[in-house]
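Step one of this worksheet: look at the structure below.
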Amino acid sequence: MFRSLLLLLPLSLLLASCGGLTRPPMPANGAYLSGLGLSQSGLANPAEAASFWDGDSVSGAPSIRINRAEQMAYFYKDGQLVGISPVSSGRPSHATPAGTFRVTGKNADHESSLYGHIEDLATGETIVADADTRKDVAGEGEIFVHAPMPYFLRFNGAIGMHGGHLPGYPASHGCVRLPHRMARKFFEHSEIGTPVIVE
C-alpha cells in the first residue's frame, strides 16, 4: 500500500502543477487505484498506472496537448483537463514536430504503410525487427507484417497518435504512442478538427 501511495504522489503533483487548469474530479479510494492500474499489491502496468481518465460524462469541445519533454499527453473538454497519459513520441532521428495541428483523420484499425517487421512464414520467427518498406524487402518464404497502429488519430501529415509500446522514452518513428486504453479514450472523444498542440 505504501508503494502504491508513493506512485500516486508524482501524478498528484503533476495535476497540481498544471497552473490555472481545472483538476478533474478523482474517484474515491479503490476506484482511483483501480483506474490507475494499481492494486493494493502495487503496480500492474506502469503506462496505465500513470494514466488518468474522467471525461466520459464531461461535455465540451475536445483539445489535446502533447508535451514531448514530459512525455505526457493531456486531453481537455472546453478547457477542463479530463485525461492524462504518458506517451512515447518520436526518437531523436524521427522527432515528432512541434506545432499547432488539428485531427484530420481517424482509423481504429490503422496499420503503418512504412514500418513493421519481416517474419519467416513457416516458423513465425522475426527476421528483421524494425523493417522499413523503403529499404527492407521480404524474401521468398517471408512476409512483411505492417505495424498495427490502433485508434489512430492523424494530425500532421502521416503523423498521429495511436496505441503502442511505451518504453519510457521517445522511441517512435514520429508518431505519438499511448497505452491502448488511453489511445481508445482519446480516439473516442476526439473528432475531425480537434486541436492538437505539440510542445
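Are there any strands (runs of 3 or more DSSP E) wholly within segment 90-199 with 3 or more residues that are modelled with pLDDT under 95, and if so which?
105-120, 126-132, 142-156
Quick check on segment 141-171: of everything there that is out of contact with any strand residue (DSSP E or B) (no Cβ under 7 Å at 6 or more places or on another chain) and of a type in the set (A, V, I, L, M), which residue is surrounded by the fewest Cβ atoms within 10 Å (Cβ to Cβ)?
158
Picking from 117, 110, 162, which residue would you name as being under 24 Å from residue 69 (Cβ atoms) and touching a residue at least 12 places away in the same chain (Cβ under 8 Å)?
Residue meeting the stated conditions: 162.
From the list 122, 138, which one is surrounded by 16 or more Cβ atoms within 10 Å (Cβ to Cβ) and either more than 20 Å from residue 101 (Cα to Cα) or within 19 Å of the chain's Cα centre (by Cα) (or both)?
138
The values are calculated or read from the model by the stated rules, or taken from the named source; none is laboratory data. All values reported here derive from a predicted model rather than from experimental measurement. Note that we place each Cβ from the backbone using ideal geometry, even for glycine, and neighbour counts take in every protein chain shown.
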